[in-house]
Amino acid sequence: MFINKSPDGLNNICGKNISRLRKELKLSQRELADLMQLAGIDIDKNAVQRIECGKRFVTDIEIIGFAKVFNVKFEDILKQ
């Protein structure tokens, strides 16, 4: 049986990078969620928190949205 989790047991590999990039910009999780909504991605503060701690899967559309908000390549969001 295949399990959809990263090697460390998390539901995503980008949460740590999203957290790091958010903190580098001195944004709160609420502010990041607001910026994502302005970019057309329907996400709230609780979803950001769950992504950052690895409890929530992240869609490809959300990854591209995070990359736009952080002004980085999507590959930077996915680095392990």
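The values are calculated or read from the model by the stated rules, or taken from the named source; none is laboratory data. Keep in mind it's a predicted model, so treat the numbers as computed, not measured. We place every Cβ from the backbone using ideal geometry, glycine too, and count neighbours over all the protein chains shown.
Just give me the residues in the range 8-52 being charged (D, E, K, R), within 16 Å of LEU78 (Cα to Cα) and within 12 Å of the chain's Cα centre (by Cα), in sequence order. I'd like the intermediate steps shown before the answer.
Residues of the range 8-52 charged (D, E, K, R): 8, 16, 20, 22-24, 26, 30-31, 34, 42, 44-45, 50, 52.
Right, trim to within 16 Å of LEU78 (Cα to Cα) and you get 8, 16, 20, 22, 52.
Within the range 8-52, LYS16, ARG20, ARG22, GLU52 meet the criteria.
Quick check: is even one residue across the range 34-53 crowded, with 20+ Cβ neighbours inside 10 Å, small (Gly, Ala, Ser) and either part of a helix (DSSP H, G or I) or at pLDDT 95 or above (or both)?
Checked against the condition, which is being crowded, with 20+ Cβ neighbours inside 10 Å, small (Gly, Ala, Ser) and either part of a helix (DSSP H, G or I) or at pLDDT 95 or above (or both), the range 34-53 yields no hits at all.
Which condition does ILE3 not pass, out of (1) modelled with pLDDT under 95; (2) surrounded by 12 or more Cβ atoms within 10 Å (Cβ to Cβ); (3) over 10 Å from the mean Cα position of the chain (by Cα); (4) of a type in the set (Val, Ile, Thr), if it passes all the others?
Evaluating ILE3 over (1) modelled with pLDDT under 95; (2) surrounded by 12 or more Cβ atoms within 10 Å (Cβ to Cβ); (3) over 10 Å from the mean Cα position of the chain (by Cα); (4) of a type in the set (Val, Ile, Thr) leaves (2) as the failure.
If the requirement is being in contact with a helix residue (DSSP H, G or I) (Cβ under 6 Å, 6 or more places away or on another chain), assigned to a helix (DSSP H, G or I) and not hydroxyl-bearing (Ser, Thr, Tyr), which of these qualifies: ARG20, ARG30? Even if it seems obvious, please write down each step before you answer.
Working: ARG20 fails: in contact with a helix residue (DSSP H, G or I) (Cβ under 6 Å, 6 or more places away or on another chain).
None of the other options fit; the residue is ARG30.
Got a sec? Which of ILE61, ILE77 is part of a helix (DSSP H, G or I) and surrounded by fewer than 14 Cβ atoms within 10 Å (Cβ to Cβ)? Please lay out each step first, then the result.
Values: ILE77 fails: surrounded by fewer than 14 Cβ atoms within 10 Å (Cβ to Cβ).
Only one candidate qualifies: ILE61.
Please list, ordered by first then second residue, the pairs with beta carbon atoms under 6 Å, 6 or more apart or interchain, first in the range 47-66 and hydrophobic (A, V, I, L, M, F, W, C), second surrounded by fewer than 17 Cβ atoms within 10 Å (Cβ to Cβ).
Pairs found: PHE57/ASN11; ILE63/PHE74; ILE64/PHE74.
Evaluate the following for ILE13: is it part of a loop (DSSP other than H, G, I, E, B), at pLDDT below 95 and either surrounded by 14 or more Cβ atoms within 10 Å (Cβ to Cβ) or in contact with a Phe, Trp or Tyr (Cβ under 7 Å, 6 or more places away or on another chain) (or both)?
Numbers: part of a loop (DSSP other than H, G, I, E, B): yes; at pLDDT below 95: yes; either surrounded by 14 or more Cβ atoms within 10 Å (Cβ to Cβ) or in contact with a Phe, Trp or Tyr (Cβ under 7 Å, 6 or more places away or on another chain) (or both): yes.
Yes, satisfied.
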